[in-house]
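Here's the structure, in structure tokens; my notes come after.
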Amino acid sequence: MAMEMMFIYIFVIALIGLIIWRKMKKRNKPIKKNGIGILVPIFFIVIAFSLSLSQLMHIPGQPFHLPPYWEMLIAGVLGVIFGFIMLSQTDYEVREDGFIYSKPNKNFKYVIIAIIFIRMALSQYFKGLDSIDFAVLTMTLAFIYIVIWRVGSYMKFRKLNGDNYSVNAG
């Protein structure tokens, strides 16, 4: 059990490091293709969650069921809160070369770390839940906050871009 927890902590630390490293690496590159790349994580998460739900529906000896509506509502509200927190930390700027870049934000890494630790704490708190309920609630929370964050970020980008496709073509 202790080894399992150690693996989870190492995985979370590696995940945080990867997110921060990727954000730092992309900071010096303009956003291309009219910002569609901002929305790509939604596509990947829909595929991943669809596959996960498909697996959950076919666990031998365990009938699939959705969690109670109030638990889904709480997961949804937390997802909305996390999504708006992430969105508040995301901004864009037009630089001298006329391209749009992600605006550096010193608080972003702390927000990511806080959200991951809050999710870990919630997962520890709700360990007593049925595994299917827990998986569906976690996916609901993550899906909602990623959609809000990414769609909101794309809207911020488009507003700055002014729907002018020539600003950062390519």
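The values are calculated or read from the model by the stated rules, or taken from the named source; none is laboratory data. The structure displayed is predicted, hence computed values, not measured ones. We place every Cβ from the backbone using ideal geometry, glycine too, and count neighbours over all the protein chains shown. To get the accessible areas, we keep the full protein, side chains included, count just its heavy atoms, and leave off ligands, DNA and RNA. Shrake-Rupley method; radii C 1.70, N 1.55, O 1.52, S 1.80 Å.
Taking the range 102-126 as the range and being crowded, with 18+ Cβ neighbours inside 10 Å and at pLDDT 80 or above as the test, only 102 passes.
Take the residues in the range 88-101 that are closer than 23 Å to residue 145 by Cα and not charged (D, E, K, R), then tell me which one is most open to solvent (accessible area, probe 1.4 Å). Residue satisfying both the conditions and the ranking: 88. Taking the range 127-165 as the search range and keeping residues that are at pLDDT below 75 and closer than 14 Å to residue 31 by Cβ, which one is surrounded by the fewest Cβ atoms within 10 Å (Cβ to Cβ)? The selected residue is 165. Of the residues 84, 143, 108, 157, the single one that is touching a residue at least 60 places away in the same chain (Cβ under 8 Å) and in contact with a strand residue (DSSP E or B) (Cβ under 9 Å, 6 or more places away or on another chain) is 157.
When the range 31-52 is filtered for residues that are open to solvent by less than 60 Å² (accessible area, probe 1.4 Å) and not β-branched (Val, Ile, Thr), the ones remaining, listed by number, are 34, 35, 37, 39, 41, 48, 49, 52.
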